[in-house]
Amino acid sequence: MAETIRAKIFRYNPALDAKPSYQTYDVPWRPHMSVLELLRYVHEESQPLSFDYSCRAAACGMCSVQVNGRPVLACVTPVPPGDMLIEPLAGFRVCKDVIVDRTEVETRLYGVMPWFSRTKPMAEPLEMPPEAYVRTAVLQLCKDCLCCHSVCPVLAEEGFGRFAGPYVLTKLATRYFDTREDFADERLKTAVREGLFECILCGSCDEVCPRGQMVETPGYPNCSIRHVEIFKAMMDRAEEKGWKP
């Protein structure tokens, strides 16, 4: 007889339900089974379930959920034998079941213009110092999963007013450290306005970032996104310029 696990899953349809509830499902388990596969099994074989995913390769970040209280990417997180709890990411409005509304974060992100920009077009390709290239390249590996945002204690305590959160600041840092841009000061000032100095450098974002859980790529050093390190570097530079609030 195949081994089974018991998955307790958050259920909530705001259009029909007065409050959230939890439903338990017995799911056949096999080695290397992912949380996403478990969710698909429940949806296809037991009861319709709302969840989100796209690439199934840890690239899009759409499948992020909480498993036993920890935010993860469902597509690459293995299901261990035993009982488990699956919930939506903390700190977000629930759209349905384990799907959350990302609109507020995405709107805040677009407001800081996180795309590559220059005041003048490049006449020819520009070289980047190796240190700046590595730092920028690693930051561009962000999965857009919002796991960091969901565990930030500052956001949990103060809300999304004065502090944009680690996800938005990471996107700003990607552009700030890119030496091909020609207005780094403006990027840094934007980071300060978005609450850079509200960050307490606790490292909660580093602990749950899926990029930090990936296997290091040979010949590609420091693949993990080190949020605390980059935020501290930006704070130090802003303080040198007298921009600390």
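Restricting to region 54-72, name every residue that is outside any strand (DSSP E or B) and either over 18 Å from Cys148 (Cα atoms) or among the charged types (D, E, K, R) (or both).
Of region 54-72, the ones outside any strand (DSSP E or B) are 54-63, 68-69.
Ser54, Cys55, Arg56, Ala57 - these are the residues of region 54-72 that are outside any strand (DSSP E or B) and either over 18 Å from Cys148 (Cα atoms) or among the charged types (D, E, K, R) (or both).
For region 1-46, what are the residues that are among the small types (Gly, Ala, Ser), under 20 Å from Leu89 (Cβ atoms) and loosely packed, with under 12 Cβ neighbours inside 10 Å?
Looking only at region 1-46, we keep the residues that are among the small types (Gly, Ala, Ser), and these are 2, 7, 15, 18, 21, 34, 46.
Those left that are additionally under 20 Å from Leu89 (Cβ atoms): 7, 21, 34.
Ser21, the sole residue that qualifies.
Would you check which residues across region 47-69 are within 19 Å of Lys8 (Cβ to Cβ) and either surrounded by 13 or more Cβ atoms within 10 Å (Cβ to Cβ) or of a type in the set (A, V, I, L, M, F, W, C) (or both) and list them? Across region 47-69, the qualifying residues are Leu49, Ser50, Phe51, Cys63, Ser64, Val65, Gln66, Val67, Asn68. Restricting Arg175, Arg187 to those that are over 29 Å from Gln66 (Cα atoms), assigned by TED's automatic domain parsing to the domain that holds Ile225 and in contact (Cβ under 8 Å) with a residue 24 or more places away in the chain reduces the list to Arg175.
For region 10-49, a tally of residues being touching a Phe, Trp or Tyr at 6+ places or on another chain (Cβ under 9 Å) and polar (S, T, N, Q) returns 4. On the basis of being modelled with pLDDT of 95 or more, within 19 Å of Cys142 (Cα to Cα) and of a type outside the set (Val, Ile, Thr), does Met234 make the cut? The answer is yes for Met234. Remark: Asp182 falls outside the filter, which requires a residue to be assigned to a loop (DSSP other than H, G, I, E, B), within 30 Å of Leu73 (Cβ to Cβ) and in contact (Cβ under 8 Å) with a residue 60 or more places away in the chain.
The values are calculated or read from the model by the stated rules, or taken from the named source; none is laboratory data. These figures come from a predicted structure and were not determined experimentally. Note that each Cβ is placed from the backbone with ideal geometry, even for glycine, and that neighbours are counted across all protein chains shown.
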